[in-house]
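K.L.:
What follows is a single structure, and I will ask about it in a moment.
Read-outs throughout are calculated quantities, based only on the coordinates presented, and are distinct from any laboratory measurement. Nothing here was measured: the structure is a model prediction, and the numbers come from that model. Virtual Cβ from ideal backbone geometry, glycine too; neighbours counted across all protein chains shown.
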Amino acid sequence: IGLVALMGALALFFRLMRMRKSVKVVRISDKGIVLIDEISGKPTIIAPQAPATPKPANAASLKPASVKAAVPKLSELLATGFLYPGMPQMLIGVRENITPRMGSLQEEVKCVGVGGRGRSGKTNTMFFYTIQYLFQGAEIWLADPHFNKASGLTTMLGPLRKYIRVAGTLDEIQQMFDDLQVEIEERKSRQGPYRPFVFIGDEWNGILEDFDVEAEQQGLKEKESFSRVAAALIVKIEREMAGYDMYCALGVHDWTDKAIGGTALRRLIHSVLCHRMTADYSKHILEDKAWNSQTQGLRTGHSIFRDNEGIYEKLIMPYCTREDAVTVTRMLETIVESTQPQQDMIAPGEKMPELPMRPQQPQLGPGRVEVDRAQTIDLSTSRPGQTGPLSMSAKEAVTRVNAPALDEDEEEPLEDVKEEDLADSAEAEKIQFTAAEEAELLHAAMQLHQKSGKVPGRVAILKQVRANVQEREGEKAARRWNQKHWPKIAAICSKYGL
Ligand SMILES: Nc1ncnc2c1ncn2[C@@H]1O[C@H](COP(=O)(O)OP(=O)(O)O)[C@@H](O)[C@H]1O
Ligand SMILES: [Mg+2]
């Protein structure tokens, strides 16, 4: 018993000793301190907090969470000038390694089906594309049965509705299809060039369904439903109208033949952007099993894209808000104002209200010859003397897309570049660059702007371009962004006031 009592007493003594632990605090820097145990004299250093050095962004190791944070929002793409009216191509989406997937309305996109279950990001994507159709100078007609829903495309477009013809009720949508028929015939009856035209149907399955329900209520047979007429017109656009610069974009939650308006309509869709939906639905539109099986695990705003040539990619869509519509309206108004004196067609007599609740109804009735048109913006006239994104005309843009690409076989060491090397010069003024080069450079500028919140210098942009190219295509490809391309870099930067 004595021994047990002694052991107990000893245990208590040592326990209390440890709890006593009086320490002396010694500051060694701003944030660092040393704790000195006054009994044992043992120092414990609490190191100054090291500045958080960001690890170099390694695309392959990016986790989904950080990918979401890194994909630029539409507001940033507008602020950095990455997207602008008159741009030669469209940003179809952003890859997981944060590189832009560019493509043209006339080639990779054409008639696009945007799929996904409810709240998967369809309307956000349709909004993102609508902005870019406007930037292509396209005439846009939108059929949106959810026009008075807060989360609907029409509501999101806000003030931009003055540039878009919107049909919301079933009657309006039916009228729109009648006019679409006129538009198709009109285009086919004359020589080009044609202004790009896009018919947008958000909630496409719903539109067809509503027509079928209406037909049923009127005691009509299924094949007498107006949905047949509507679907046939879309098939016509898909099959014959690309040559007349006429396209469509359909928001779809069900790809089955019956729900979408027939086998032909489904098969003729040129490109597909499929958001989250179960594989047994997406298999109707994405033939490749390895890809369609991925759609059920997609996060909101992520998608599987299949272009018009059947090339698949996973793309993330920039997040859009109604504020962006206000920004874009301001950009477009600037163009309309600056071109108004020369162009009667974009200066309509009547003034549109600031935020129209519904677009003014046209005077309809027998003998009507005029189709109700959306106000369009002509991006074809160049505005010499202006700098910045708005200075490029659509025509110039096309020429640039077709300009020669970077030389393939140059290989030179990377030099120490100085800001002066990339300065504006007489040589730079005359230089031609491709849309791909422009996109590469703007992408780098955008990344740097995102990191620092400041407009980056030209040397920093060049370094970022090289880093991006190296990561994607290797060191040899990065070396091609060398001395020979400095005037090009100067030209692109000066175009954007960088
Ligand atoms: N790319 C995106 N990034 C972040 N959030 C998104 C994205 N797309 C959509 N969202 C959000 O997800 C929700 C549903 O989007 P929405 O486009 O209305 O889906 P759907 O039309 O498929 O029902 C909205 O709150 C929207 O803000
Ligand atoms: Mg929606």
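K.L.:
Could you tell me which of the pairs Lys149/Lys236; Lys122/Lys236; Lys110/Lys221 are separated by over 27 angstrom between their Cα atoms in the structure shown?
P.N.:
The pairs that break the limit, which is 27 Å between Cα atoms, are Lys149/Lys236; Lys110/Lys221.
K.L.:
Using the 2.2 N^0.38 Å rule of thumb for compact globular proteins, work out how the stretch 71-339 stacks up: its C-alpha Rg over that value, please.
P.N.:
Compactness ratio reported: 0.96.
K.L.:
Taking a ≥ b ≥ c as the square roots of the eigenvalues of the Cα gyration tensor of the stretch 118-170, is the shape rounded (a/c under 1.5), prolate (a/b larger than b/c) or oblate?
P.N.:
Since a/c reaches 1.5 but b/c is at least a/b, the shape of the stretch 118-170 is classed as oblate.
K.L.:
Highest mean first, what order results for 130-143, 267-280, 95-108 on Cβ atoms within 10 Å?
P.N.:
130-143, 267-280, 95-108
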